[in-house]
Amino acid sequence: MKGDGFLKGTLKLTLLSLVCLLAFSSNKRAGLEISVISPMEKTFPDIFPTGAAPRVLSFKCAANEYEPAQFVIRSPKAIQGVTIALSELVSKDGHKLQDIHWNFVGFIPLDSNTPDTTRADRCGCHDRVPEGEVIRLAPCKISDPLLEDEVVDLEANTTLPVWVTVHVPSGTPAGIYEGEARVKGQGIEDEVIPIELEVYPFELPKERNMYLTNWFMVEHISKAHNVELFSEKFWDMLGKYAKNMAEHRQNVVYTPWNQLITVYREGGGSWSYDYANFDRFVQTFMDAGVDGRIELTHIGTPSLLRHVEKGLYGVKVTDKKTGETVRVPGEEGLPPLLGSLQKHLEEKGWLEKAMLHVSDEPNYYTIDDWKKLARLAKKHAPGIKTIDAVSVPGFDGLLDVAVPLSLALEGEFELYKNEFQQGAGKELWFYTCCIPYGHYPNRFLDYPLSDLRVLHWMNYLFDVSGYLHWGLTFGWEEHDGTNFGPAKRFPPGDSHLIYPGKEGPMNSIRWETQRESLEDFEYFTLLEAKTAAIKEKLGPAADPIPADFRSKEIGGKIVKTFSDYVEDVDAIYSVKELLASEIIEIDKEPLFLFMTTPNTNIPVKIGPAVIKLQGVVEEGAKVKVNGVEVEILPDGGFVEIVQLEIDGQVVKIEVEKDGKKKTIEREFEVI
């Protein structure tokens, strides 16, 4: 039987190699080159990247997950009418997966790089970016938008990237699914690229376990799609954007409440409020799945600038009798409006989800002005949480959700963690914008996608529950409606992450990569949850082992701090596969947990080189460490001191019970 299986496997590989060989020779006959590359690789029209062999589009993911792949096309001769055809994916058991689609990837022209934004009319102070951080010097064109065009003409000697996305719905059976992609064009034979999808035997939860917000404005959508604000066509278009955000795991909606609520002055001088647009706006996002938080826009002018007086925004009020509209000072209009808003949110069942911005980016010089505005908000709407992007800690309990810049959070991490403890009703998020740069990850167009991929690993590893960015749709207004390149005031790509398409939002490879990072966060969370469940089964002896020990140990192989992380694409994928394998294996019998001190990411010094291994197993199990049986205490716990050798630093743990065996190895660096 073994030999038969080997023969079948060998035959399968031989046939696959033959298909690839035939495709390769066909490429040469047609003058067409095709290369499968990582979806974390940005491309350029004048460079043809070489992919790995064999040429197969390979996907690995859980159910309820999206997964991308990428290939590039190039020809020495122009080819008209190039398009792609994808088959459905079918498993050996006959299960079919049809939610697979593709896009050509467009290029964005860059006139300047991130470090060139030192001019006075630009945001940020990018005077120096470490060598190698920018993937290519300007002027150049960099891949980003996922185009809507399904047929294009390929210019001679020009690289054309193709992005393929598979969505594995909840409940999809685990296994290997196969299909094919065909490259078609006028005057050439179809080029076939095999597709192989491995669906893991677990699925990501429907709920989101971290908060994500990317800001947008309703005017951007209205203008880009030429629909009147708050018309039926506008609401239809807004629904498409809400659906797109939900599909990309955004669960917080930036809500311009003071624009959506109509304030009336009644005949006797009293005030009334029309919440029709507000309710429809919020419900549109709730229905789409963006239902984690309602992020209410600022009541006060920005706190960022030191010498600019801070104050409340005014309130637009319409006289119900005359129809005349005036703007009253915030000190007069905001108190009753805030009180009415809290009451309305409570009636709708939305109060727990609501967060109110006070004044953007307070710092050491402006924090006292911020506190004055926050006290007003707390006085008139005490049930609404406050949130703001900040540069300093020390808010005297007035701020509920602190969102420091990533570099500020790294610099004063303990101060922020102590002030905004999650269990005390506070939350700690972080944000990036036109800064930080250099050694810190960001989502700029000229930065590697691996920077964006590790962004939400940091959320998990440092127990930071949310992420904010100001630019989902900003900067569109600077362009003529056809060229939505970088906004001139900001580092390239900072102002927007999506583009306006013909009938709705147009995605980007950065937007897709951010979703990948959010899905990675859920992998870490899932392993932690499974560990916690096993701890519960194994009893008190498992108490010393943190539920997040292994998940954070795995993540720590890539991310050390907010500014120290691995950018290597292969390393990131390798660790992601390790994470998946441990999710699959951890709750298989016999059950056991263990941790080491130090963990595998910390080199062990000779003197002698020893580690402490502490674990717990279910009753009746036997444990061997490096082939030597260890003593199990009555509660299932065990502790072993293991000496490492220079040439043998792998620790092998074997657990056996009732004929079932589990073997795990941990490798340490000895210095």
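Overview of results
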{"read-out": "Of the criteria (1) without any contact (Cβ under 8 Å) to a residue 60 or more places away in the chain; (2) over 30 Å from T473 (Cα atoms), which one A542 fails", "value": "(1)"}
{"read-out": "The range 421-477: number of residues that are farther than 23 Å from L137 by Cα and of a type in the set (S, T, Y)", "value": "5"}
{"read-out": "Residue, farthest from S508 (Cα to Cα), within the range 11-51, restricted to residues that are of a type in the set (F, W, Y) and at pLDDT 50 or above", "value": "F48"}
{"read-out": "Where I671 falls short, out of the listed (1) among the aliphatic types (A, V, I, L, M); (2) more than 20 Å from K537 (Cα to Cα); (3) surrounded by 10 or more Cβ atoms within 10 Å (Cβ to Cβ)", "value": "(3)"}
{"read-out": "Options R182, R119; residue that is open to solvent by 70 Å² or more (accessible area, probe 1.4 Å), more than 28 Å from the chain's Cα centre (by Cα), among the basic types (K, R) and at pLDDT below 95", "value": "R119"}
{"read-out": "Criterion violated by G397 - all others in (1) at pLDDT 95 or above; (2) over 23 Å from the mean Cα position of the chain (by Cα); (3) on the phi < 0 side of the Ramachandran plot satisfied", "value": "(3)"}
{"read-out": "First in the range 40-64 and among the hydroxyl-bearing types (S, T, Y), second anywhere and part of a loop (DSSP other than H, G, I, E, B) and surrounded by 17 or more Cβ atoms within 10 Å (Cβ to Cβ), Cβ under 9 Å, 6 or more apart", "value": "T43/P49; T43/T159"}
{"read-out": "Hey, Y313 open to solvent by 60 Å² or more (accessible area, probe 1.4 Å) and within 19 Å of I387 (Cβ to Cβ) or not", "value": "yes"}
{"read-out": "Unique match (being open to solvent by 10 Å² or more (accessible area, probe 1.4 Å), closer than 17 Å to F104 by Cα and either in a loop (DSSP other than H, G, I, E, B) or in contact (Cβ under 8 Å) with a residue 24 or more places away in the chain (or both)) among T158, T172, T165", "value": "T158"}
{"read-out": "Residue ID - surrounded by the most Cβ atoms within 10 Å (Cβ to Cβ), chosen from residues in the range 628-654 that are modelled with pLDDT of 95 or more and assigned to a loop (DSSP other than H, G, I, E, B)", "value": "G636"}
{"read-out": "The one condition in (1) under 18 Å from Y499 (Cα atoms); (2) in contact (Cβ under 8 Å) with a residue 40 or more places away in the chain; (3) touching an Asp or Glu at 6+ places or on another chain (Cβ under 9 Å); (4) not hydrophobic (A, V, I, L, M, F, W, C) that K310 fails to fulfil", "value": "(1)"}
{"read-out": "Cβ-Cβ under 7 Å pairs, at least 6 apart or on other chains, the range 608-632 side closer than 27 Å to A533 by Cβ and of a type in the set (D, E), far side part of a loop (DSSP other than H, G, I, E, B) and at pLDDT 95 or above", "value": "E618/P590; E618/L591; E618/G636; E619/G636"}
{"read-out": "Hits in the range 567-604 (condition: under 28 Å from H439 (Cα atoms), assigned to a loop (DSSP other than H, G, I, E, B) and open to solvent by 70 Å² or more (accessible area, probe 1.4 Å))", "value": "D568, I602"}
{"read-out": "Hits in the range 244-273 (condition: within 20 Å of L296 (Cα to Cα), open to solvent by 20 Å² or more (accessible area, probe 1.4 Å) and touching a helix residue (DSSP H, G or I) at 6+ places or on another chain (Cβ under 6 Å))", "value": "Y273"}
{"read-out": "Subset of the range 406-436 (residues that are over 25 Å from S495 (Cβ atoms) and aromatic (F, W, Y))", "value": "F413, Y416, F420"}
{"read-out": "Hits in the range 86-95 (condition: touching a residue at least 12 places away in the same chain (Cβ under 8 Å) and either open to solvent by 50 Å² or more (accessible area, probe 1.4 Å) or more than 15 Å from W163 (Cβ to Cβ) (or both))", "value": "S87, E88, L89, V90, S91, K92, D93, H95"}
{"read-out": "D287 vs. criteria assigned to a loop (DSSP other than H, G, I, E, B) and within 25 Å of V218 (Cα to Cα)", "value": "no"}
{"read-out": "Selection status of E207, under 22 Å from the mean Cα position of the chain (by Cα), of a type in the set (D, E, K, R) and under 27 Å from L578 (Cβ atoms)", "value": "yes"}
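The values are calculated or read from the model by the stated rules, or taken from the named source; none is laboratory data. Note that the coordinates shown come from a computational prediction; the quantities given were computed from them, not determined experimentally. Quick reminder, even Gly has a Cβ in these numbers, built from the backbone with ideal geometry, and neighbours come from all protein chains shown. Heavy atoms of the whole protein, side chains included, go into the accessibility calculation; ligands, DNA and RNA do not. Shrake-Rupley method; radii C 1.70, N 1.55, O 1.52, S 1.80 Å.
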